[in-house]
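Here the structure comes first, spelled out in structure tokens, and everything after it is commentary.
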Amino acid sequence: MYIDTSTLSNKEMYKFLIGGVAPRPIAWAGTRSKDGINNLAPFSFYNAFSSTPPIVGFSAIPRLDGSNKDTLQNIIDTECFTLSTVSHKLVQQASKSAALLEPDEDEFDYAGLEPAEAQNINAPYVKDALLVFECTLNQIVSFGHHEGAGNLILGEIKFIAIDDSIYNDGYVDIAKLDPVGRLAGNWYSTIRDRFELTRG
Ligand SMILES: Cc1cc2nc3c(=O)[nH]c(=O)nc-3n(C[C@H](O)[C@H](O)[C@H](O)COP(=O)(O)O)c2cc1C
């Protein structure tokens, strides 16, 4: 089979992406609104792009009505964010934090997570996360505001908060970090196996 992507609907194309680009690491983006409300959401269209400068990026797809997700709007307003790694023991809370809440509602409270304050930027992170990047906005590459259009948010990592228990001689102990990845449907991966988790 050979497929011309221009013949595919957004949904069909999306299925190729999530089935073909997998497992995807998950960034748990912590932001703050200009009114001071904490926001947290997981993003699996996420990766690293440069080590000097240290650039990471993730993509926020607009809501069905075309409006910006709170994460994107907050980053436009404050130009900074944290990225907490989702370890296996936190995956249930990560799934819950993806709920569509109003901008004045706090996903930390909703998902039963304790927030902590980034040391050098105006954003919260997940206190129980073992590895956190404190980022300033580098640029946003917008592919539009229609259904499925990504908004690639590139950030420069300015500070790293790493739990001493997973830091060995300059290396991240990946077995102890135990990160999860996103597959398709309700499937996720550990660094050993895959498992199913219903959203929420
Ligand atoms: C594991 C996981 C990965 C997700 N990855 C993305 C993603 O890459 N891009 C995106 O726009 N939404 C993604 N979502 C959905 C967002 O987390 C969800 O829309 C969330 O409500 C956005 O929150 P916000 O409006 O506070 O920014 C993902 C959800 C889950 C559970």
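Odds and ends about this structure:
- F108 satisfies every condition listed in (1) exposed (fewer than 14 other Cβ atoms within 10 Å of the Cβ); (2) under 16 Å from the mean Cα position of the chain (by Cα) except (1).
- Set I55, I75, I18: member being out of contact with any helix residue (DSSP H, G or I) (no Cβ under 9 Å at 6 or more places or on another chain), β-branched (V, I, T) and in a strand (DSSP E or B): I55
- The set of residues from the range 142-194 being over 20 Å from L83 (Cβ atoms), over 19 Å from the mean Cα position of the chain (by Cα) and not in a loop (DSSP other than H, G, I, E, B) comprises N168, A175, R194.
- When residues of the range 88-105 are limited to those that are under 18 Å from P23 (Cα atoms) and under 14 Å from the mean Cα position of the chain (by Cα), the one farthest from the ligand (Cβ to nearest atom): L90
- Residue pairs meeting the criteria (Cβ under 8 Å; at least 6 apart or on separate chains; first within 17 Å of G19 (Cα to Cα) and among the aromatic types (F, W, Y), in the range 175-200; second in a strand (DSSP E or B) and within 12 Å of the ligand (Cβ to nearest atom)): Y188/G181; Y188/R182; F195/W187; F195/Y188; F195/S189
- Of the residues screened, L130 is one that is in contact with a helix residue (DSSP H, G or I) (Cβ under 7 Å, 6 or more places away or on another chain) and away from the ligand (no atom under 16 Å from the Cβ).
Only the coordinates and a few stated rules stand behind these numbers; no lab work does. All figures in this text were calculated on a predicted structure; none of them were measured in a lab. Counting neighbours? That spans all protein chains shown, and the Cβs are built from the backbone with ideal geometry, glycine included.
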